[in-house]
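Structure, as structure tokens:
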Amino acid sequence: MEITAGYVGRLEMAPPDASSSVDAALVARFSRHLSAHLQALQEVHAQLGAVATAAGLISRALASGGRVFTCGNGGSAAEAEHFAAELVGRFRYDRRALAACSLASDSAALTAIANDYGYTDVFARQLEALAGRGDVLVAISTSGESENVGRAASVARHRDLGIIAMTGAGKCSLSRRADVALHAPSSDTPIIQEAHMLFKHLLCDAVERQLCPNGATS
């Protein structure tokens, strides 16, 4: 179902009857939040051209024997792991494994690098060891200003990797380092994270279809 402005405007919950234990104020708060989230996801339409460009960058790298590296902090670290897992495993259908690695997953490397060099180098140091020309970095930061993610992007640029940034609304230091920047249309962290998940699912779908068209079922 298409999400229209009118549909979002009708997202008002009826007040509970007198016998209900539902907190009417809480339900109204949920309704306001849901309206804001749906409106932001509708505005992702403006980013679809950039998503297609990012998918092409990833597909070309993987087709030529390159790898995809992902990184982020906190919720974005979980999203980095999720994206890498979808590529290595599967998204919609069975196909060959695609080479992807989350730089947020190796606890021994993360803690050793943080202890010896500082937390700002935890992703950059791994890229120095693992990445080569033609690989792709997917750098995720809701603010676009995470220093360790920015340092990873700087190493990626020095090593001639493709760089895809996922950030919030507006320009930031991370998007300025990127070949393609996917901007979630919000300044609210939870909404940005939801848009990032949508971006990643669109990318997974496109990459699977471009690289493994014989596996597509729909």
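The values are calculated or read from the model by the stated rules, or taken from the named source; none is laboratory data. None of these values were measured; they are calculated from a predicted model. Because the Cβ atoms are built from the backbone with ideal geometry, glycine has one as well, and the counts that use them run over all protein chains shown.
Out of segment 125-152, which residues are of a type in the set (A, V, I, L, M), without any contact (Cβ under 8 Å) to a residue 60 or more places away in the chain and either within 22 Å of SER186 (Cα to Cα) or crowded, with 23+ Cβ neighbours inside 10 Å (or both)?
Passing the criteria: only LEU127.
Quick check on this structure: which one of ARG96, ARG159, ARG67, ARG90 is of a type in the set (Lys, Arg) and touching a Lys or Arg at 6+ places or on another chain (Cβ under 9 Å)?
ARG159
Can you tell me which residue within segment 153-171, out of those that are of a type outside the set (A, V, I, L, M) and crowded, with 21+ Cβ neighbours inside 10 Å, is farthest from PHE199 (Cα to Cα)? Reasoning before the result, please.
First, the residues of segment 153-171 that are of a type outside the set (A, V, I, L, M): 154, 157-160, 162, 167-168, 170-171.
Narrowing the set further to residues that are crowded, with 21+ Cβ neighbours inside 10 Å leaves 162, 167-168.
Details: GLY162: 17, THR167: 11, GLY168: 12 Å.
The selected residue is GLY162.
Could you list, in sequence order, the residues of segment 175-218 that are surrounded by fewer than 21 Cβ atoms within 10 Å (Cβ to Cβ), outside any helix (DSSP H, G or I) and out of contact with any Asp or Glu (no Cβ under 6 Å at 6 or more places or on another chain)?
ASP179, SER187, ASP188, CYS212, ALA216, THR217, SER218
Let me confirm something: among ALA84, ALA54, which residue is free of Cβ contacts under 8 Å to residues at least 40 places away in the same chain, in the same structural domain as ARG151 (by TED's automatic domain parsing) and buried (at least 19 other Cβ atoms within 10 Å of the Cβ)?
It is ALA84.
Within the bounds of segment 107-116, is there any residue that is under 30 Å from SER64 (Cα atoms), surrounded by fewer than 24 Cβ atoms within 10 Å (Cβ to Cβ) and in contact with a strand residue (DSSP E or B) (Cβ under 8 Å, 6 or more places away or on another chain)?
No, there is no match, as no residue in segment 107-116 is under 30 Å from SER64 (Cα atoms), surrounded by fewer than 24 Cβ atoms within 10 Å (Cβ to Cβ) and in contact with a strand residue (DSSP E or B) (Cβ under 8 Å, 6 or more places away or on another chain).
Here is a check on your reading of the model: is PHE91 part of a loop (DSSP other than H, G, I, E, B), assigned by TED's automatic domain parsing to the domain that holds ASP160, of a type in the set (Phe, Trp, Tyr) and surrounded by 13 or more Cβ atoms within 10 Å (Cβ to Cβ)?
Yes: the conditions hold for PHE91.
Say whether the condition of being part of a helix (DSSP H, G or I) and surrounded by 15 or more Cβ atoms within 10 Å (Cβ to Cβ) is met by at least one residue in segment 63-70.
No, because not a single residue in segment 63-70 is part of a helix (DSSP H, G or I) and surrounded by 15 or more Cβ atoms within 10 Å (Cβ to Cβ).
Give me the pairs: first residue in segment 167-192 and farther than 21 Å from LEU34 by Cα, second residue of a type in the set (Asp, Glu) and modelled with pLDDT of 95 or more, beta-carbon distance under 6 Å, and six or more apart or on different chains, which are they?
CYS172/GLU145; SER173/GLU145
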